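Structure first, then comments.
The values are calculated or read from the model by the stated rules, or taken from the named source; none is laboratory data. This one's a predicted model, so the numbers in the text were calculated from it and none came from an experiment. Here the Cβ positions follow ideal geometry from the backbone for every residue, glycine too, while neighbour counts run over all protein chains shown.
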Amino acid sequence: MSQSGCGFASTLCRICVDLSLAESRKEALDVLASGCTRVMSAKGCALRLLDEKREILELGASYGLSEKYLSKGPVELAKAPLDADVIHGEVVDIEDVSKEKRILYPEEAAREGIGSMLCVPLRVKDRIIGVLRVYRSEPHESTADEISTALTLAAQGGNILEKFRLREEREALAEVAQAISSSLDVGTVLKSIVRCAAETLHFKGASVRLLDEEGKGLVMNATHGLSGAYVEKGPVEVEKSPLDREILSGKPVRVMEDEMDAKLQYPEETRREGIRSMFGLPLQIKGKPVGVLRVYASVPYRFTVDDEEFLTALANQGAIAIENARLFQQLRKTYEDLTQDVWKWYDWGKRPPRL
């Protein structure tokens, strides 16, 4: 870094301020990519965000790099050992790209004029959500100060991205709350819940099943992202579904692909649907289970504590909607019974009034 100490500190502070003022995820990523390039006097910068559900790194933002280079191909973790190392928490400094065997697209890097590359993890709390890459035109070994600067910017970027994640979840919960306040139709609310669960967290699909009157079966009430064949695969009997028995006991349950035979009533149908992991939570009213919220992933995804907190909030809202509908039906029944009784007491005619 060639800037003076005062100029460098001023630029770094300006980047942090601009990040805090960003009004969207895209704007924040663009600020981070361009600011990192400037403060580190580099050729360019790219930010790739981890899609854990597909096990790839998606381009979030870039600066100083050509469209041709950026569109060179997908970054799949299984085929990108360098990025896999960064996702596991390592800082990877490549002094000479032409001599590095872990580079996924060496020919494209040479054509782009990339001589060296510094890669650091993007962190949120104790979780790594992506990779920040700094590119230079010439071979270069990063100094301790340069690595520290990249890590500082990555940490700031991770914090800002977490802010937008929480905002998206709040907006989803507000949408469901609006559905609850504007409708006593349980089906409408549950459809909103499964859509928010799948779309906000970018899962393959979601479903809500409610216990039947006898408490022996789970009846499908709402789905999102699932095929008709899977939804109609057959009745879910609590006695034959270890997963649902465990959920209905009051516990959230994660299921990985190798556990499906032991925990699911329909493991083969689940695999045919392309589901490789799932997470289930109970819907409870005053501590009594009334149903199950499930979300489904198309990769062996390990559901996080953040996922669980958001889905628990959705499940709680679903339970509120069910309880509201139940209380409304009780109130309506009480009103109908009272009206019938009053009509009979006063003998106002052969027929009671229409309600």
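The rows are residues; the columns are (1) within 24 Å of Gln178 (Cβ to Cβ); (2) assigned to a helix (DSSP H, G or I); (3) of a type in the set (Ser, Thr, Tyr); (4) modelled with pLDDT of 60 or more.
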| position | (1), (2), (3), (4) |
| --- | --- |
| Tyr296 | no, no, yes, yes |
| Leu311 | yes, yes, no, yes |
| Asn316 | yes, yes, no, yes |
| Tyr335 | no, yes, yes, no |
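From the set of residues in segment 108-148 that are among the hydrophobic types (A, V, I, L, M, F, W, C) and assigned to a helix (DSSP H, G or I), which is farthest from Glu67 (Cα to Cα)? Steps first, please.
Residues of segment 108-148 that are among the hydrophobic types (A, V, I, L, M, F, W, C), as a first pass: 109-110, 114, 117-120, 122, 124, 128-129, 131-132, 134, 144, 147.
Subsequent filtering for residues that are assigned to a helix (DSSP H, G or I) retains 109-110, 144, 147.
Numbers: Ala109: 13, Ala110: 15, Ala144: 31, Ile147: 26 Å.
The residue in question is Ala144.
Filter segment 112-128 for residues that are surrounded by fewer than 22 Cβ atoms within 10 Å (Cβ to Cβ) and modelled with pLDDT under 95; which is nearest to Ala150 (Cα to Cα)? Among residues in segment 112-128 that are surrounded by fewer than 22 Cβ atoms within 10 Å (Cβ to Cβ) and modelled with pLDDT under 95, the one nearest to Ala150 (Cα to Cα) is Arg123. Of the listed requirements (1) more than 25 Å from the chain's Cα centre (by Cα); (2) under 16 Å from Leu314 (Cβ atoms), Gly217 misses just one: (2).
Per-residue answers, yes or no, for (1) at pLDDT 95 or above; (2) touching a strand residue (DSSP E or B) at 6+ places or on another chain (Cβ under 7 Å); (3) surrounded by fewer than 14 Cβ atoms within 10 Å (Cβ to Cβ):
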{"residue": "Arg167", "(1), (2), (3)": "no, no, yes"}
{"residue": "Ala172", "(1), (2), (3)": "no, no, no"}
{"residue": "Asp185", "(1), (2), (3)": "no, no, yes"}
{"residue": "Val189", "(1), (2), (3)": "no, no, no"}
{"residue": "Ala197", "(1), (2), (3)": "no, yes, no"}
{"residue": "Ala206", "(1), (2), (3)": "yes, yes, no"}
{"residue": "Leu210", "(1), (2), (3)": "no, yes, no"}
{"residue": "Asp244", "(1), (2), (3)": "yes, yes, no"}
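When Lys288, Lys251 are checked against the criterion of being assigned by TED's automatic domain parsing to the domain that holds Lys233 and either under 17 Å from Asp307 (Cα atoms) or at pLDDT 95 or above (or both), a single residue qualifies: Lys251.
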